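Here is the structure we will look at.
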Amino acid sequence: MTLLDFARGPAMFWAMTLMIIGIVWRLAGTVLLARRKDRSSPRGENRVAAGLRAVAMRSVPPHELEKSITFQHITGYAWHLGWFATFLFFAPHVPFLKSILGFGWPGLPNQAIVILAAITLAILLALLVRRMVHPVLKVISDFDDYLSSLVVCAPLVTGIVTYAHLFPDRHETMIALHILSVEALMVWLPLGKIFHCITALPLRFQIGATYARRGVKA
Amino acid sequence: MRDVLVGDYLRSRGVTRRGLLKFCAATASWMALPPTLAQEIAAALEKARRPSVIWLPFQECTGCTESITRADSPTLEGLIFEAISLDYQHTLQAAAGEAAEEARRNAMQENWGKYLLAVDGSIPLGNPGYSTIAGVSNVDLLREAAKGAAAIVAIGTCAAFGGIPGANPNPTGAVAVRDLIKDKPIINVSGCPPIPVVITGVLAQYLTFGKIPDLDALGRPRAFYGQTIHDRCYRRPFYERGQFAETFDDEGARKGWCLFKLGCKGPITYNACATIKWNAGTSFPIEAGHGCIGCAEPNFWDKGGFYDALSVSRWGTGSTLAAAAAAGAAVGVASAYLARRRQTRAKEETPR
């Protein structure tokens, strides 16, 4: 079995299985936790509307912090959008997603994706360096932050190297490493902080709805 | 006849010096050698003695023999192939039975240590009786013939990597030449079948320089297997622009767009199909509208569906994902239960 066969076969199967187990495990464990009984009568506005408003409001920087987090905010949005555009619209990715979802969509030209991926990677690396040198960030960063950064960057690095044919006589090995890097991300997804890709929006909704019941605008 | 020089033999077959030079220039070009070497190749070929070649066909379909002997016209490559002294090839030779085996034994004895051994087909290890020649198992025959060979040319993917007989579940225990022979230089000329001029090119280089060509990690001549089909494919610009045929009869297919989504394995297949092409340079599978199936690569038969895009991985099925979700839910419920118990205990232990 070649490395590519391993990456496309057993490794993908187990990565997918572990990711699903991990996601459902964490979601079920969180949802089923015991909660205090709320003995007060509900106050304030409609909880659904408040939840949706919290999702929207917490997706933009609060006015008080606007200036101090502008860099973080803009770069954060930029790399998330670039990463997901690369993942969703690079033409060879579409058949993979179609095999899982049952439907596909048109991809973007490779040149556009490569530019997006390169910009995304540059931002991610800049943010990683910032995390390592910033006096506050470096103190509050832990192993999870660095490993999460690594597994998010790795598919971009291996993808660009593969696309650029930097190792032309080992192209299949580069494809294998690219797939393995994605599988590492899949396995780490439910375990680390990147699990926020599943929980971020529901939690913002939950916060908004819970505070609304108490009559507080979140 | 074996003492006749290749040059004399070719002249006797009506090949002019100009014709030989044209072949040598083409060979130099295919093998990425400087054009100035064409003269040297021609000179060396003319002076070379016809080498003895013993060709052992094992578990094979004769497609490789069909490929190399395919004579759409009497080509120079064909003549070079004829110029070798093919002392044993039981599909092609007139002799049969004991006479054929006697010819092989004599050729081996007379050219011990100097003959080229060509092998097509894989070698079954599961049971010696699965494939025999004159009552001798393939593995015994290969080991015996390999002892006196100067080098071995494994022709076709079966001989090079096990090929279709070695495909899962490999009922005969088929293996490649390189799995059995470790002490001789082996040139793998893979493909199902391999391109005829790749075989003649390898032979010409061996005759000219007296050594085996530069090989890749899988033992294939880099000159022919140094780049992927995708790298040299004329449809590559469509791949770059994101223009793909989605079915074999859609607008994209009619416009000749990239066949990646229809399962083309060109990006991971190293061969010269896109440059040398087939049938006297007429076309190659992708030009005919079908994706590459990766036949020059090991285990090409077991790499998933021919019509699955390369990026489609074997992630399981809906039921395996449902089972994973059920397992995750069970673990989640258990962890929530334990967390609730801890919460309850903490509450009980907290002084009111």
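The values are calculated or read from the model by the stated rules, or taken from the named source; none is laboratory data. Values in this document were obtained by computation on a predicted structure and should not be read as measured data. No Cβ is skipped: glycine too gets one built from the backbone with ideal geometry, and neighbour counts run over all protein chains shown. Side chains included, ligands, DNA and RNA excluded: accessible areas come from the protein's heavy atoms. Shrake-Rupley method; radii C 1.70, N 1.55, O 1.52, S 1.80 Å.
For the interface of chains A and B, what total accessible area is buried with a 1.4 Å probe, rounded to the nearest 100 Å²?
About 3500 Å² of accessible surface is lost on pairing.
Note on exposure: B:GLU349, B:GLU110, B:GLU101, B:GLU144 ranked by accessible area (1.4 Å probe, complete protein assembly) read B:GLU349, B:GLU110, B:GLU144, B:GLU101, with the most exposed listed first. Among the chymotrypsin sites (Phe, Trp or Tyr not before Pro) in region B:230-278, those located in a DSSP loop and surrounded by at most 14 other Cβ atoms within 10 Å of their own Cβ are B:TYR234, B:PHE248.
For region B:243-302, rounded, prolate or oblate, judged on the Cα gyration tensor with a ≥ b ≥ c (square roots of eigenvalues), a/c < 1.5 rounded, else prolate if a/b > b/c? Oblate, because a/c is 1.5 or more while a/b does not exceed b/c.
In this model, which of B:LYS277/B:LYS303; B:LYS114/B:LYS265; B:LYS182/B:LYS265; A:LYS67/A:LYS138; B:LYS47/B:LYS277 are farther than 27 Å apart at the alpha-carbon?
Going by Cα-Cα distance, B:LYS114/B:LYS265; B:LYS182/B:LYS265; B:LYS47/B:LYS277 fall outside the 27 Å limit.
Using Cβ-Cβ distances only, list the Cys residues of chain B with no partner cysteine under 4.7 Å, sorted by number. Lone cysteines by the Cβ rule: B:CYS24, B:CYS61, B:CYS64, B:CYS158, B:CYS233, B:CYS258, B:CYS264, B:CYS273, B:CYS292.
Using a probe of 1.4 Å, the accessible surface attributed to A:HIS63 totals some 150 Å² when neighbouring protein chains are kept in position. Under the combined filter of DSSP loop state and at most 15 neighbouring Cβ atoms within 10 Å, region A:1-42 retains these trypsin sites (Lys or Arg not before Pro): A:ARG35, A:ARG36, A:LYS37, A:ARG39.
In this view, the solvent-accessible surface of B:THR282, computed with a 1.4 Å probe and all protein chains in place, comes to about 90 Å². From helices alone, chain B scores -12000 deg cm²/dmol at 222 nm; the rule is -39500 (n - 2.57) for each run of n ≥ 4 DSSP H residues, then divide by the residue total.
Comparing A:LEU125, A:SER149, A:VAL31 along the charge dipole axis of chain A, the residue lying farthest to the positive side is A:VAL31, per the Cβ-charge model. Spin-label model, A:LEU203/A:VAL136: points 7 Å from Cα along the beta carbon direction are separated by 1.9 nm. Computed from point charges on the beta carbon alone (+1 for Lys and Arg, -1 for Asp and Glu), the dipole magnitude for chain A about its Cα centre is near 1340 Debye. Computed with a 1.4 Å probe over protein heavy atoms only, the accessible area of B:ASP249 comes to about 110 Å². Shown here for region B:86-167: chymotrypsin sites (Phe, Trp or Tyr not before Pro) in loop regions (DSSP other than H, G, I, E, B) with at most 13 other Cβ atoms within 10 Å, namely B:TRP112. Specify whether the C-alpha gyration tensor of region A:21-89 places it in the rounded, prolate or oblate class, a ≥ b ≥ c being the square roots of the eigenvalues: rounded for a/c under 1.5, otherwise prolate if a/b is larger than b/c and oblate if not. It is oblate, given that a/c is not under 1.5 and a/b is not larger than b/c.
The lysines within cross-link reach of B:LYS347, meaning a Cα-to-Cα straight distance under 21 Å and a gap of 8 or more places when in the same chain, are A:LYS37. Solvent exposure of region B:195-301, expressed per residue, is 38 Å² of accessible area, with all protein chains present and a 1.4 angstrom probe.
About its Cα centre, chain B has a charge dipole of approximately 1280 debye under the convention of +1 per Lys or Arg Cβ and -1 per Asp or Glu Cβ, with nothing else charged. Helices in chain A, meaning DSSP H runs of at least 4 residues, each add -39500 (n - 2.57). Divided by all residues, the mean residue ellipticity at 222 nm is -22500 deg cm²/dmol. Protein-only accessible surface at a 1.4 angstrom probe places the residues B:GLU348, A:GLU66, B:GLU240 in the order B:GLU348, A:GLU66, B:GLU240, largest first. Summary of the geometry: region B:229-262 and region B:125-195, compared by the centres of their Cα atoms, lie 36 Å apart. Largest to smallest in accessible area, the residues B:LYS303, A:LYS217 fall in the order A:LYS217, B:LYS303 (1.4 Å probe, all protein chains included).
Taking the C-alpha atoms only, the angle from helix B:318-349 to the longest principal axis of chain B is near 40 degrees. Of the residues B:LEU207, B:ALA217, B:ILE268, the one whose Cα sits farthest towards the positive end of the charge dipole of region B:198-322 is B:LEU207 (charges of +1 on Lys and Arg Cβ, -1 on Asp and Glu Cβ, taken about the Cα centre).
Candidates A:VAL55, A:TYR163, A:SER99 compared by Cα position along the dipole of region A:52-211: farthest toward the positive end lies A:VAL55, with charges placed on Cβ. Can you tell me how region A:1-136 classifies by the Cα gyration tensor, rounded, prolate or oblate, using a/c under 1.5 as the rounded cut? Verdict is oblate for region A:1-136.
Between region B:87-109 and region A:158-218, how far is it from one alpha carbon centroid to the other, in angstrom? Here the answer is 64 Å between Cα centres. Expressed as an acute angle from 0 to 90° and rounded to the nearest 10, what is the orientation of the C-alpha long axis of helix B:196-209 relative to the principal long axis of chain B? Around 60 degrees separate the two axes.
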